[in-house]
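Here is the structure we will look at, set down as structure tokens.
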Amino acid sequence: MHDFSLSIFLGIVEGLTEFLPVSSTAHLRICEALLRIDLHDGFWKMYTIVIQLGAILALPVYFRDRILEFLRTFPRGERGDRTILTHPLSLTLIAFVVTAVPAWALTKQIGKNLENLWVMSWALFIGGVIMWIVDATFTRPRVTYMEEMTLPQAIWIGAAQILSAVFPGTSRSMSTIAAGQVAGMSRPAALEFSFFLSMPTMLLATGYDFMKTVMPSHRELNIAPLQMNGHQWVVLAIGFAVSFFVALAVVAWFMHWVRARGLAPFAFYRIVLGIGLLTLLVRGFI
């Protein structure tokens, strides 16, 4: 596949799957295996970081009005019933810390699982089953807006997100949305908090991957100095732009979808994909 076509394809995959509850990590790893490409090659390693950054930037662009509103009303909130610990921005930061500290402590375990297609296939399947059950069971939410969230709910969602770090294929979006529903939040409220929590989480994870990739202390992953030619810069730019615009469209579409429909189709897709990946692995095709 030509580099330009491959960049467009991978940018679409990243943009489509980063914020849907289907795991972008698993999809990129599956593409790598099926297309026989090496995303750990110096250039392609940098490429995966760049396209993830493109997807991340779609969130502050889409939620710019909400972010400004939260900043304007901090710490009392628009209704004046929030505190410095219960304002939506504070709850986002608290959930992020709850996720980040254990994830950092489990770095070695995360590294072991990161490329394991067996772990991803089971995570896709089991996560799909859990998401289906949760979506069908927890149908009477007590919290319908992110502004109504409580501190225990934020801590619980942050803790649940650790699963997506330890078991690739689980999906940050799936774990946070399902955890939010279990805690009594509506789908839209849980999804919006999932997106807000993704901003610091993904930014830190991407920054860590970048530093781990280029710093001399990580020689096994070091790609510095990476000599880039004009062709490669264009490939990077294409992937970044495609990932950004596709992710922006997906976030807008998914917010609308969740307000009107359930998550069963995504759960079904995860289950089918997990079974399909397990079948390919058992038969030795990948």
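The values are calculated or read from the model by the stated rules, or taken from the named source; none is laboratory data. Predicted, not measured: the structure shown is a model, and the values here were computed from it. With ideal geometry, Cβ positions are generated from the backbone for all residues, glycine too; neighbour counts draw on all protein chains shown.
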Original post:
Within the range 232-250, can one find any residue that is modelled with pLDDT under 95, under 18 Å from the mean Cα position of the chain (by Cα), more than 24 Å from Thr107 (Cβ to Cβ) and assigned to a helix (DSSP H, G or I)?
Top reply: no
Subject >> Residue match in the range 143-156 (condition: β-branched (Val, Ile, Thr), farther than 19 Å from Ala105 by Cβ and surrounded by 24 or more Cβ atoms within 10 Å (Cβ to Cβ)) >> reply: no
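For every residue, the table says whether it meets (1) under 30 Å from Phe268 (Cβ atoms); (2) in a helix (DSSP H, G or I).
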residue	(1), (2)
Leu20	yes, no
Ile30	yes, yes
Lys45	no, yes
Leu59	yes, yes
Gly77	no, no
Thr86	no, no
Ser90	no, yes
Ile126	yes, yes
Met131	yes, yes
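A quick yes/no check of all residues on (1) under 17 Å from the mean Cα position of the chain (by Cα); (2) of a type outside the set (D, E, K, R); (3) under 28 Å from Lys45 (Cβ atoms):
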site: Lys108; (1), (2), (3): no, no, yes
site: Asn116; (1), (2), (3): no, yes, yes
site: Leu124; (1), (2), (3): yes, yes, yes
site: Trp132; (1), (2), (3): no, yes, no
site: Ser173; (1), (2), (3): yes, yes, yes
site: Gly180; (1), (2), (3): yes, yes, no
site: Met185; (1), (2), (3): no, yes, no
Original post:
Restricted to the range 20-77, and to residues that are of a type in the set (Phe, Trp, Tyr) and either over 30 Å from Leu273 (Cα atoms) or modelled with pLDDT under 95 (or both), which residue is farthest from the chain's Cα centre (by Cα)?
Top reply: Phe74
Subject >> Options Ala95, Ala123: the member that is within 30 Å of Leu85 (Cα to Cα) and surrounded by 13 or more Cβ atoms within 10 Å (Cβ to Cβ) >> reply: Ala95
